[in-house]
Amino acid sequence: MQIRRLTQVEAQQRTALIDVDRYDIAVDLTGLEYGPQLRCISTMMFTCRTPGAETFVDCAAPVVSATLNGTALAPAELGRIRLPDLAEHNTLRVETVQANTTDGEGVHKAVDPADGEIYVWTSFEPDEAHYVWACFDQPDLKAPHAFTVTAPPSWIVLSNTGDPKVETLEGAQRWTFPATPPLSPYNTVVNAGPFYELRRAAGGHDLGLYSRRSLAGVLDRDAEEIFTLTEQGLGFFADVFEMPFPQRKFDQVFMPEYGGAMENYGCVTWSDWFLYRNPPTPAESDQRGQYLLHEAAHMWFGNIVTMRWWDDLWLNEAFAEFASFWAAVRATSHTDTLASHLVRGKLGAYLLDQGPASHPIRQPVRDTAEAASAFDAITYPKGASVLLQLMNYVGEANFAAGMAAYFARHAWGTTTMQDLIDALAATSGRDLGPWVTGWLETAGTDRLTIERDGDATVLVGRGPGGGAPRPQLVGVGVYQEDGAGLVRSALVPVEVHQPRTPVELPPGIYLVNDDDLTFATTRPDPASRAALYGPDARALPTTLSRAVALASVWDMLVTAEASAAEAVNLVTGVLRVETSGSVIEPYLRLAADIAELWAPADVRPELTAWVAQTARALAGDDRHRPVALRTLARVGTLDDVEHLAGLDDVDVWWRALIRKAELGRDVAADVAQLLDRDPDPDAWVRALAVRAATPRAAEKEAAWQTLALDRAVPIGSVKDVAPAFWRPGQDALLAPYAERYLELLPDLGKGGMTPAMVYTELLFPLFGVDHGFIERARAVAERADPVVAKTFVERADVVVRMLRSRAVRAVSGPLAD
């Protein structure tokens, strides 16, 4: 169905005209038990400031009937129902039926392949609620929502509020939920199915965890960790915001075929990909913990206080991301989260922010289509890093006091970025106008370095485009050699306001942006470069300092100032001494990515061997053995993978079979044996990844059909299958699929924001392409959905950089022993 996307001007006009008093939404899920249909009756009570005026309600679901104050309305056009001759007090009733519950927007029906059970979820950000029921689908028209849900008798129904009244009907049950506080339509939810349920009273809350029944054992295994983190997160935010989460019930629902996680008030929906089928590694626990704390932070920043329009989407998401590692470091055992954030988030943000898809953190959003395209590494990791920088700039105590004042003043309302800035300026006494202009309204990345100017030491800052740097606080670490490594003798804070800032530094080795206080790429002075990126790179004393040094080398790789060999050598060198499980797995993945995707073809085997050698060494340490074996399964020799395929670890065995298939060996019998043995209801996806890696035309074709054409792979697992398809050394076999990607590109936006981003990025050809192909594809992408077009530009820039790096002659052999 073709729809007209809501513009900011239209939203402002509607807000000026009406106030929504309440929604009563009746949802009938019984048709989903044996078919695709979901029926809804949405009843809206609202007032109009100018009786006799007209407006419209958003409704992209097929309409059965619609009445305004008892009068029948004209059929919907382009996803809108016209509302003429409004009264001062109005009642609008719209009945809809949505049958596109497989690959449509807003609602999804998933069938568990293990037992055939059905699970249903809704997800509405930024404006997909009106694909399911009629509503005024914009964030600043907040109102209480009262849900009544009819479902099959064996199902549990979950929504934003607790303590529903449950009535038994003939062949069904009716769940009546108390009305929510005032919420935006995108923050509401209905999740349903024959769930496995766990509950715990903790921290003054009634915490619930839910999953499909076939994953009950996995949820049991991880429940203690998830409950503990939830209690810690809600408690931390209640303290620093001086406002407890105002509802006793707080549920988290792990759903099949869901992408990421969504912060629905009181009922967070997760992809059940986060219920790792094997015991989670430290990095996986960190990642899940960061997501959990991110969604918990949204209960305050996003739900209780909501940004007025999507031009402040960056602040909504960036704040929750920042708050997740603020809480992790202050209130949980995940104390290396800042280093993890740097490796898993900021490296990608640095790359994006220096390419053609860069944009100011805050940017105009003309309509909801542009809002959907604004979810990227600038919104999340750069935005979060900038907020961390702001907290350091104004002081943590002032920052927390400002946030508490902000929530006290604006609870259950809507705000703009300026409201937050005003609150922080008031508590810190700082003029934050220049900070806002520099950080939020200017695209690009600063570059910081140390220079000697005669006898003086100067911190040189260059802003985007070569101008003045942004105002910021940066730390310069001073290190001395002590025979066993490097010891930090001083951390010198420097406030940057101009291109050249004199700094009093004692003699030593200098690490710019030590403690990672700001968002800026760095380069060492000549004397420090040899120490930090040569033999002594791994001698830095902390996980975070090593991560900061590694970030500089990554930036030099992607800007063609360092070769893949230099980058792999530094990462593998750091891995020889790193002890933090939070970063070891991401480092191994990064080293393997550089060796496989960034190195020239003739150097690739040598660099891959370095990574494999590092993994073998780490496998000797029981603490790091699981993640080391995963990497060895990816890059190891045939002898390695033959050994790994005989281990009891089913996860490593699957990974080894992907590598074994890639090396051209027959694995059909192994796959059949492992499918019988693996209890994971989604084990068939692992088998598909094996098939995707096989260097035979028929296997590639079959994998492409399932992955790209049928879209049968759960969206959270596409990242596991697509990389197995695009394997190095298969250029000739993969070349035709570049053209197949071009054919799909115009329609990759179907199904909503998350599938559009995932398929556009992960199906992008990594081998068998050249610059000419990318230019042809760019012309096609320009005519696609805004989410597809923007994701394409981001991914194309990365692949162009890979192609350039593959053309660089690398030094043979390790640069540092």
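Worth a mention:
- Residue in segment 586-605 that is out of contact with any Gly (no Cβ under 8 Å at 6 or more places or on another chain), farther than 25 Å from residue 802 by Cα and touching a residue at least 40 places away in the same chain (Cβ under 8 Å) present: no
Residue-wise test of (1) acidic (Asp, Glu); (2) open to solvent by 50 Å² or more (accessible area, probe 1.4 Å); (3) more than 13 Å from residue 147 (Cβ to Cβ).
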position	(1), (2), (3)
4	no, yes, yes
18	no, no, yes
33	yes, yes, yes
36	no, yes, yes
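- Candidate set from segment 765-804 (those that are open to solvent by less than 40 Å² (accessible area, probe 1.4 Å), in a loop (DSSP other than H, G, I, E, B) and within 24 Å of residue 695 (Cα to Cα)); member that is modelled with the lowest pLDDT: 768
- Residue in segment 194-233 that is surrounded by the fewest Cβ atoms within 10 Å (Cβ to Cβ), counting only those that are basic (Lys, Arg) and in a helix (DSSP H, G or I): 221
- Boolean, residue 102 is modelled with pLDDT under 95 and polar (S, T, N, Q): yes
- In segment 1-34, of all residues being touching a residue at least 40 places away in the same chain (Cβ under 8 Å) and in a loop (DSSP other than H, G, I, E, B), the one that is farthest from the chain's Cα centre (by Cα) corresponds to 33.
- Pairs with Cβ under 6 Å, 6+ apart, first in segment 263-292 and under 12 Å from residue 581 (Cβ atoms) and touching a residue at least 24 places away in the same chain (Cβ under 8 Å), second among the hydrophobic types (A, V, I, L, M, F, W, C) and part of a helix (DSSP H, G or I): 281/627
- Among the residues examined, residue 807 does not qualify as of a type outside the set (Ser, Thr, Tyr) and either crowded, with 19+ Cβ neighbours inside 10 Å or without any contact (Cβ under 8 Å) to a residue 40 or more places away in the chain (or both).
- Total residues in segment 234-248, condition touching a His at 6+ places or on another chain (Cβ under 7 Å) and open to solvent by 20 Å² or more (accessible area, probe 1.4 Å): 1
- Residue identified as outside any loop (DSSP other than H, G, I, E, B) and surrounded by 15 or more Cβ atoms within 10 Å (Cβ to Cβ) among 732, 724: 724
- Test result for residue 328, buried (at least 24 other Cβ atoms within 10 Å of the Cβ), without any contact (Cβ under 8 Å) to a residue 60 or more places away in the chain and touching a Leu at 6+ places or on another chain (Cβ under 9 Å): yes
- Out of 547, 595, one residue alone is among the aliphatic types (A, V, I, L, M) and over 25 Å from residue 285 (Cα atoms). It is 595.
- The set of residues in segment 524-568 being among the acidic types (Asp, Glu), modelled with pLDDT of 90 or more and over 26 Å from the mean Cα position of the chain (by Cα) consists of 561, 566.
- Applying a threshold of 7 Å to beta carbon distances and a minimum spacing of six or more residues, or different chains, the list of pairs starting in segment 738-763 at a residue that is touching a residue at least 24 places away in the same chain (Cβ under 8 Å) and open to solvent by 40 Å² or more (accessible area, probe 1.4 Å) and ending at one that is polar (S, T, N, Q) and in a helix (DSSP H, G or I) reads 757/791; 761/791.
- Selection status of residue 708, open to solvent by 10 Å² or more (accessible area, probe 1.4 Å) and among the aliphatic types (A, V, I, L, M): no
- Residue among 161, 150 that is modelled with pLDDT of 95 or more, among the β-branched types (Val, Ile, Thr), in contact with a Phe, Trp or Tyr (Cβ under 8 Å, 6 or more places away or on another chain) and assigned to a loop (DSSP other than H, G, I, E, B): 161
- Just one of the numbered conditions (1) outside any helix (DSSP H, G or I); (2) under 23 Å from residue 656 (Cα atoms); (3) free of Cβ contacts under 8 Å to residues at least 12 places away in the same chain is not true of residue 698: (1).
- Residue in segment 256-276 that is open to solvent by less than 20 Å² (accessible area, probe 1.4 Å), closer than 18 Å to residue 190 by Cβ, part of a helix (DSSP H, G or I) and not small (Gly, Ala, Ser) present: yes
- Taking the criterion of being of a type in the set (Lys, Arg) and either in contact with a strand residue (DSSP E or B) (Cβ under 8 Å, 6 or more places away or on another chain) or modelled with pLDDT under 95 (or both), the residues of segment 335-363 that qualify are 344, 362.
- Among residues of segment 498-526, those that are assigned to a loop (DSSP other than H, G, I, E, B), within 22 Å of residue 445 (Cα to Cα) and in contact (Cβ under 8 Å) with a residue 40 or more places away in the chain, counted: 6
- Any hit, segment 736-745, residues being in a helix (DSSP H, G or I) and over 23 Å from residue 597 (Cα atoms): yes
- Figure legend. Inter-residue proximity from segment 463-485: first residues closer than 15 Å to residue 532 by Cα, second residues open to solvent by 10 Å² or more (accessible area, probe 1.4 Å) and part of a helix (DSSP H, G or I), beta-carbon distance below 6 Å, spacing 6+ or different chains. Indicated pairs: 485/539.
- Qualifying residues in segment 359-372 (those that are open to solvent by 20 Å² or more (accessible area, probe 1.4 Å) and under 20 Å from residue 10 (Cα atoms)) - the one nearest to the chain's Cα centre (by Cα): 370
- Qualifying residues in segment 641-660 (those that are of a type in the set (D, E, K, R) and closer than 15 Å to residue 626 by Cα) - the one least open to solvent (accessible area, probe 1.4 Å): 651
- If only residues of segment 626-640 that are charged (D, E, K, R) and modelled with pLDDT of 95 or more are counted, the one that is surrounded by the most Cβ atoms within 10 Å (Cβ to Cβ) is 634.
- Residue-level check: of (1) part of a helix (DSSP H, G or I); (2) open to solvent by less than 20 Å² (accessible area, probe 1.4 Å), residue 544 misses just (2).
- Those residues of segment 661-693 which are over 26 Å from residue 218 (Cα atoms), open to solvent by 20 Å² or more (accessible area, probe 1.4 Å) and part of a helix (DSSP H, G or I), in sequence order: 662, 668, 669, 691
- The residues of segment 106-122 that are in contact with a Ser or Thr (Cβ under 9 Å, 6 or more places away or on another chain), assigned to a loop (DSSP other than H, G, I, E, B) and open to solvent by 20 Å² or more (accessible area, probe 1.4 Å), listed by number, are 113, 114, 115, 117.
The values are calculated or read from the model by the stated rules, or taken from the named source; none is laboratory data. What you see is a predicted model; the values in this text were computed from it and never measured. Methodologically, a virtual Cβ is constructed for each residue, glycine included, from the backbone with ideal geometry; neighbour enumeration extends over all protein chains shown. Remember, those area values only see protein heavy atoms, side chains included, never the ligands or the DNA or RNA. Shrake-Rupley method; radii C 1.70, N 1.55, O 1.52, S 1.80 Å.
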